[in-house]
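Just below is one structure, and these are the notes that go with it.
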Amino acid sequence: MVTRFPSGQEIARKWYVVDGSGQTLGRLASRVARILAGKENPKYTPFLDTGDHVIVINAEKVRVTGMKSEQKVYRHYTGYPGGLREEDFRKRFDRKPQLVVQEAILGMLPKTKLGRAMGKKLKVYKGQEHIHQAQKPEPLAVPAR
């Protein structure tokens, strides 16, 4: 028996569009991360990027549950002394909701070269319009709860 792995030419990537209206952020992010990683693909291989492209629209209409909107804080370190920067969830969501959705999805991907390649196939937009009509994206239903 010989194990056959798909090569780069054999991987046919599809384009999906996901509407974030009324979706819970974490559930949306986990579903999209699985598609980006290729785990929904029958040719899934853990060490190859077999995922599809995903477009998330209506990022400003995504909701969070519990006390996250009041308690969640985004932190990053600039690399300089005293360079720890903080921004609370509500302020960042009002400023750039697409960044909140993108960080939630990318945080569920591997922190390797392969994970960065998967993350490049993600496009997040604030409103209804996107610039990827030429790729003919298929609507993807994310089950809402």
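Derivation of every value follows stated rules applied to the coordinates shown; laboratory data play no part. In this text the structure is predicted, and so the values were computed from the model without any measurement. Neighbour counts run over all protein chains shown; Cβ positions are idealised from the backbone, glycine included.
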Long-range neighbours under 6 Å by Cβ, at least six apart or interchain, first residue in contact (Cβ under 8 Å) with a residue 40 or more places away in the chain within the stretch 46-70, second part of a loop (DSSP other than H, G, I, E, B) and polar (S, T, N, Q) | T50/N41; I57/Q128; N58/S21; K61/S21; V62/Q23
Residues being of a type outside the set (D, E) and either within 18 Å of G107 (Cβ to Cβ) or touching a Cys at 6+ places or on another chain (Cβ under 7 Å) (or both): count how many of those fall in the stretch 70-92.
-> 10
How about the stretch 13-48: which of its residues are in contact with a Lys or Arg (Cβ under 8 Å, 6 or more places away or on another chain) and not hydrophobic (A, V, I, L, M, F, W, C)?
-> R13, G20, S21, G22, Q23, T24, R27, E40
